[in-house]
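Notes for the one structure printed next.
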Amino acid sequence: MELLIGDKLWSSWSMRPWLALKHAGEPFTETLIRLRTEQTNDQARAAGSPNGQVPVLIDGDTTIWDSLAICEYLADKLPAAQLWPADAKARALGRAAAAEMHAGFHSLRGECPMDLSLRGNVEVSEATHTDLRRLVSLWRGLLERHDGDFLVGAWSIADAFFTPVATRLRSYGLHLSDYGDLGPCGAYAERLLETAEFLAWEKDALADVRPA
């Protein structure tokens, strides 16, 4: 399998399936497409991206060009990796959470783009405050419902989707205690940034910082 990804410093979309593949222990070829250049879309298409964007998974004669679809494909292809829990209700809730992140939280994503090299404190808009309050509500509900360190018990695709969010909280000095968290959600965000898979991604990202 081959995974086309963008710069690890910035590409939250690429991080998600990369984490899933690493967690599964499945060997794959990683192809970097440089973002934020005039050639990005053309280079992605030349590498096999149907829409000129990343991430893209190429598995033989099958090409998948959406991060959530890639992760679901991996869950089906690699059942032993248990990228989703066996329990149907937990699995459905995890999928709902991943889909909400995939399609929502627009203000948080737009106002606080992922940048693993950044550390600061920012004032965010009311729309982002609303996103952060929803984030706390979502995480709290899932953490309270399931036993384990992650959203639906053991690490899953849902956690892959929220790992980039945890990096945003750190990069922009956003404290979930300001949005209704009594501790568990902040601790969960910290756990996401302590997984071996994320630490490997971050190490690569910081070693590949391009000049401004």
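The values are calculated or read from the model by the stated rules, or taken from the named source; none is laboratory data. Only a predicted model underlies this, so the values are computations on that prediction, with no experimental measurement involved. When we count neighbours, we look across all protein chains shown, and the Cβ atoms used for this are built from the backbone with ideal geometry, even at glycine. Each accessible area value is taken on the protein alone, full model and side chains, heavy atoms only, with ligands, DNA and RNA left out. Shrake-Rupley method; radii C 1.70, N 1.55, O 1.52, S 1.80 Å.
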Taking springs between alpha-carbon atoms closer than 10 angstrom, which of Ala103, Ala47, Ala200 fluctuates most in the Gaussian network model of the chain? Ala103
Spin-label pair Asn51/Asp115, simplified geometry with 7 Å Cα→Cβ offset, distance in nm: 2.6 nm
About the Cα centre of the range 1-157, what is the dipole size in debye to 20, counting +1 per Lys and Arg Cβ and -1 per Asp and Glu Cβ, all else neutral? 260 debye
Solvent exposure of the range 1-160 as accessible area per residue, Å², 1.4 Å probe: 47 Å²
Report the one residue of Leu35, Ala98, Ala20 whose Cα lies farthest in the direction of the positive end of the charge dipole of the range 1-114 (charges on C-beta: Lys and Arg +1, Asp and Glu -1; origin at the Cα centre). Ala98
Using a basic spin-label model with each label point 7 Å from the Cα along Cα→Cβ, how many nm lie between Glu126 and Arg191? 3.5 nm
If you roll a 1.4 Å probe over the chain with all protein chains in place, what percent of the accessible area is carbon or sulfur? 51 percent
